Structure formats: C-alpha cells, structure tokens
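Right, one structure below, let's go through it.
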Amino acid sequence: MMGTSQHPGVNIRSIQELLRLCKSCKTCTYKLTVSMLEIYNETILDLLTDRNTPLDIRTQGKKVTVQGLTEIEIEKMDDVIKIMKTGEKNRAVAATKMNSSSSRSHLLLKLTVQSEDKISGQRSIGTLTLVDLAGSERVSKSEASGQRLTEAAAINKSLSALGQVIKLRSSYVITFALKTCFHGGLLETDKVKSCYWCLDAVLHGSNFVSNDAYLCLSFGDLFLAISRYFS
C-alpha cells in the first residue's frame, strides 16, 4: 500500500489528495493528526513509539478510542511519509517459504481531520482509516513453524472474524460481531451510514496460489453486500 517514490501506493496517493483538498479550501481551517498501530497476535501495538506495551480499546458513548495511542499533527506530505516510514520500520515482518518479507500483523493508519469554518465557526471532524491486512496463510505452503505458525493462526483467525463482521455489517446487525475481533472494534466508529468502505484485493497470477486468489475475491465480495445495503 506504500508503493515506491516513483510509483506511490494507495496510502500515499489518498493522503496527498486529502491534503490538496484541505489546502484548496479558503473558507475553513484544518488540523490533521496521524496515528499508526498494528494488530499482532490479537494485540494492539503503537507503531509510533518504542514502547512495546499492548493497548486497549475504550468505548465512550458512540466514540471508540485506543487508549495511549500516539497521535502526531501533520501539515505537509513530508510529515506523513516520515511517520509512515517509522511505522513500517516498527511493524512485525518475517520471512516464510511464500514471502521473504511477510507482514505478520494487520496495520491501521488513521488520519483525523478537524475543520472549522472561518465565518460561522462551525466545527466538524472526520477520519480516513487505511488498513493493510496481512494475507491469509496456508501453513502447508508457507511451511510456518514455531512463532511464525502462531502468527499465521492469529492472522487467519482475525481475518475470519473480520469477514463475519463485514457480513453482518451488510445487514446492519453488528453489535455482537464488532466485539469478535479487534478490527471490528476499531472500525466501530464507522457504523453510521455516512461512511464509505473500499477494498483493494491484490492477486497473484500463479496457478500455485489460484485457490488463495479465489478465496481473496470471495472475501472482497462481502464488501459488495455493504454497498447494496446502503445504496
């Protein structure tokens, strides 16, 4: 999702567009903050600090927060790239038979935008949450063992739970499902109808992983149900 400097990924391009829109608006002032976390073995960790302390989700009314999560104010794209590099460096990555730099965690990058109208003084707040999911893993192919096997089990379990969250989200029956995995809890702030969901599925053309590609597309199909419900 990061891409390269020559070919920036969806994370970079989406934030560039958001910053452009904020800068082009002359009637409002904006404050933007960024946070990054990973879900590693069903534990939430802050990627913008050296502390390796698990964090907890707290719910206050309709607001869902991660207690103690670092938030950094940004003004330009260089600030964002610096933060992203710090987060990526701290993310759990390891080699498997399938991937020499396999992500062993799910990553969430959250950009919060607070705006104030210069004339009316009206304030509003919105968030852009970019989620990089670790891919589901077949142990028979990745040959994971020891800690890598534990990580693979946690990844597969959480993706399955997230699939159930999305499936129930399409029928707006989400209260129970959101509590089945950290992804759901962190996305609970988006349970109102004014939000938008988007999924990018990355596939490999090799016959060796054709069944995995099919499962990936089936997972993505769940998002279509959400679109149909709110359309």
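The values are calculated or read from the model by the stated rules, or taken from the named source; none is laboratory data. Keep in mind that this is a model prediction, so the values were computed, not measured. Backbone-built Cβ (ideal geometry, glycine too); neighbour counts: all protein chains shown. Side chains are part of the model used for accessible areas, which takes the heavy atoms of the whole protein and leaves out ligands, DNA and RNA. Shrake-Rupley method; radii C 1.70, N 1.55, O 1.52, S 1.80 Å.
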Filter pass, Glu143 being out of contact with any Pro (no Cβ under 8 Å at 6 or more places or on another chain), at pLDDT 90 or above and open to solvent by 50 Å² or more (accessible area, probe 1.4 Å): no
Note: among Thr86, Thr150, Thr175, just one is at pLDDT 85 or above and not in a strand (DSSP E or B), namely Thr86
Arg20 fails exactly one of (1) among the basic types (Lys, Arg); (2) open to solvent by 30 Å² or more (accessible area, probe 1.4 Å); (3) within 18 Å of the chain's Cα centre (by Cα), namely (3)
Collect the residues in segment 26-53 that are modelled with pLDDT of 90 or more, assigned to a loop (DSSP other than H, G, I, E, B) and surrounded by 13 or more Cβ atoms within 10 Å (Cβ to Cβ), keeping them in residue-number order. Leu47, Leu48, Thr49
Only one of Ile119, Ile125 that is modelled with pLDDT under 95, open to solvent by 80 Å² or more (accessible area, probe 1.4 Å) and in a strand (DSSP E or B): Ile125
